[in-house]
1. With θ set to phi - 60°, apply the Karplus curve 6.51 cos²θ - 1.76 cosθ + 1.60 along the stretch 128-144 and write out the HN-Hα couplings as whole Hz, x wherever there is a Gly or Pro.
2. From the phi angles alone, apply the Karplus equation (6.51, -1.76, 1.60; θ = phi - 60°) to the stretch 114-122 and give each ³J(HN,Hα) in whole Hz, x where the residue is Gly or Pro.
3. If amide H atoms are built 1.01 Å from N in the plane of the peptide, which residues on other chains or at least 5 residues away come under 5 Å of the amide H of V145?
4. Kindly rank 52-64, 111-123 from highest to lowest mean number of other beta carbons found within 10 Å of each residue.
5. For I41, what residues show an amide H to amide H distance below 5 Å, using hydrogens built from the backbone and excluding near sequence neighbours?
6. Considering amide H positions built from the backbone, and no H for Pro or chain starts, which residues 5 or more places from W62, or on another chain, come under 5 Å of its amide H?
7. Debye calculation, C-alpha points only, no solvent: report log10 I(q)/I(0) for the stretch 1-95 at q = 0.16 Å⁻¹, in the same order as the q values.
8. For the stretch 46-62, just list the computed ³J(HN,Hα) in residue order, Karplus coefficients 6.51, -1.76 and 1.60, θ = phi - 60°, integers in Hz, with x standing in for Gly and Pro.
Amino acid sequence: HEHWDHLENHIIKENYDKPIHVYGDIYHIPRGATFELNGKIFMGFGGAYSIDKLQRTAGISWFPQEQPNYEDQTRLFDYKGKVDYFLAHTIPDSCLNLMVDLIKIGIPDFTTRILEEFVKRYKPTYMYCGHWHRRHSFKVYETQVEVLSNIDWIDCNRLKTDMYNDDCYKVVEI
């Protein structure tokens with residue numbers, strides 16, 4: 001759950017097609033941005049509908065910008081090349097029904113529909129995402145979709161501090 005107000009202060013619209021250095025070793029990959037690494041093309045498309053936004057604090061741990069908009073969708077589908085690795089926050093619609101352990105809390109939304117259409121059209125070799133906090137693997141339209149887990153984080157609402165305080169947000173592998 002990125003601090004979108006902070007990120008938007010760092011995003012320069014003219015360079016929205018490449019990763020943007022934010023702080024230290026942290027880079028923001030704007031929606032639809034691509035980069036090459038070891039001869040492979042990576043594309044990012046973060047964001048999702050937050051079903052828990054009422055339990056978070058607007059402007060601190062929840063931001064309206066978390067969900068992609070039509071401009072983001074247009075930028076994504078304007079890309080004309082091959083994508084080897086697609087990095088997203090949530091999963092395509094077709095994966096929702098396969099996640100039976102989530103007791104059907106997965107509801108299709110604008111973001112999952114965009115991702116479904118992208119994977120159907122572009123057929124990236126791999127898609128990596130998180131959001132669901134449980135490890136899953138799916139094969140969808142020739143794309144290997146890997147839902148990642150094993151990440152713990154500190155809830156900044158409980159700390160009553162800003163998310164970009166150095167002591168607040170720590171990622172720990174478990």
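The values are calculated or read from the model by the stated rules, or taken from the named source; none is laboratory data. No experiment lies behind these values; they were computed from the predicted model shown. With ideal geometry, Cβ positions are generated from the backbone for all residues, glycine too; neighbour counts draw on all protein chains shown. Protein only, heavy atoms only, side chains kept; ligands, DNA and RNA dropped before computing areas. Shrake-Rupley method; radii C 1.70, N 1.55, O 1.52, S 1.80 Å.
1. Per-residue couplings from phi come out as 10, 8, x, 6, 8, 6, 9, 7, 9, 9, 9, 10, 10, 6, 6, 9, 7 Hz.
2. My calculation for the stretch 114-122 gives 4, 5, 4, 5, 4, 5, 5, 6, 8 Hz in order.
3. For V145, whose amide H was placed from the backbone, the distant partners under 5 Å are M127, F138, K139, V140.
4. With the highest mean Cβ count within 10 Å placed first, the list reads 111-123, 52-64.
5. So I41 has HN proximity to D84, Y85.
6. Here the answer is T57, since their amide H atoms fall under 5 Å of that of W62.
7. Per q value, in the given order, log10 I(q)/I(0) is -0.73.
8. Values per residue, Gly and Pro as x: x, x, 5, 6, 9, 6, 9, 5, 6, 8, 10, 10, 4, x, 10, 10, 9 Hz.
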